[in-house]
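Notes for the one structure printed next.
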Amino acid sequence: MSPEQSAPPSAPPAQADRLEAAFARCQAAGESALVTYVMAGDPDPATSLSMALACVEGGADALELGLPFSDPIADGPTIQAAGQRALASGTTLDRVLDIAARVRARSQIPNVLMGYLNPMIARGVERLALGCRRAGVDALIVPDLLPEDAGLLAPAVSAGLKLVFLLAPTSTPARIAAAAKAASGFLYLVSVTGVTGARSTLPEEIGGLVRAARTACSLPVVIGFGISTPEQARVLGRLADGVVVGSAVVDRIAQGGRRAVRAQRVARFVRSLKRALRP
């Protein structure tokens, strides 16, 4: 068989369910899981890798890596700005996967790629899935993917990637049921309506959404959007299996300084969040 006729490379062997293990470990310890978000490529690929590893050092239980996109409809000003910095530094999907692979080489922390549908479809879902598996990515969060359209990413699920769907305080019972049926990693509850961003207060009605999500499925329930302090993490961690902190981490990266200084700042903040989630 000539090189031109050779078969495409096969997918890597099946990997352990790192997400399930992380949530189980936290549950056994009586604590909520901490998921931290870093925009891959912000302000450049090497620095964002250092920031991701700083989250690991600080005790994060799972890591979201943002895929920069030019039209981030669910992102607030902080993460939009991070995405623009990442794009300006030449960050591509291949570079994001390279960062994920480098994190995987240093840690078994679950890696979740968070990005929009357009670049994933443009890549080709089969090719995306193979790249994610090789890089050690465990799951995909696609804010603009409706549960009813989950079939678009069926090849990724077949390759072993989990799908995470978002639910908001305005989600109807039908939407909650659809997301619960389509999800395979965890359910991501948006604590506030609107875009991402740190907030000083959080709505009381999130408790009802948590109860509805738990009734709909047995997957872990995680709360994100707006969590900016250890105290907020503590309060919401009592309701859910985990919390996501994104903009507040990105803010600390954006404060500048030498790479080592930024990494220390991020690790210190993540450590304070994780302490708040312990009994």
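Values quoted throughout were computed directly from the atomic coordinates according to the rules given, and no laboratory measurement underlies them. A quick note: this is a predicted structure, and the numbers were derived from the prediction, not measured. We place every Cβ from the backbone using ideal geometry, glycine too, and count neighbours over all the protein chains shown.
If you run the Gaussian network model on the chain, springs between alpha carbon atoms under 10 Å, then out of Ala168, Ala40, Ala139 the most flexible one is Ala168. Let me check I've understood the local charge: for Gln84, count other residues with C-beta under 14 angstrom from its C-beta, Lys and Arg +1, Asp and Glu -1. What total comes out? Local net charge: -3. Dimensions of the chain along the principal axes, based on C-alpha atoms and rounded to the nearest Å, stand at 63, 48, 36, largest first. Net charge in the neighbourhood of Asp241 (other residues with Cβ under 12 Å of its Cβ; Lys, Arg +1, Asp, Glu -1) is 0. Across the chain, Cα pairs under 8 Å and at least six residues apart give a relative contact order of 23 percent.
Ellipticity at 222 nm from helices only: DSSP H runs of n ≥ 4 in the chain, each -39500 (n - 2.57), divided by the residue count, give -14000 deg cm²/dmol. Of the DSSP H helices in the chain, those with a Cα length along their own long axis of 18 Å or more and a mean Kyte-Doolittle hydropathy reaching 0.5 comprise 45-58. Spatial offset of segment 22-45 relative to segment 73-101 amounts to 18 Å, using the alpha carbon center of each. Largest first, the three principal axis extents of the alpha carbons in segment 40-82 are 31, 21, 14 Å in whole numbers. Summarising the overall dimensions of segment 55-114 from its C-alpha atoms, the Rg and Dmax are 12.3, 32 angstrom. Taking the chain as a Gaussian network of alpha-carbon nodes connected by springs under 10 Å, the highest mean-square fluctuation of the residues Ala62, Ala24, Ala86 belongs to Ala24.
When the Gaussian network model of the chain links Cα atoms closer than 10 Å, the mean-square fluctuations of Pro72, Pro173, Pro230 top out at Pro173.
Counting neighbouring Cβ atoms within 10 Å and putting the fewest first, the residues Ser191, Ser32, Ser171 line up as Ser171, Ser191, Ser32.
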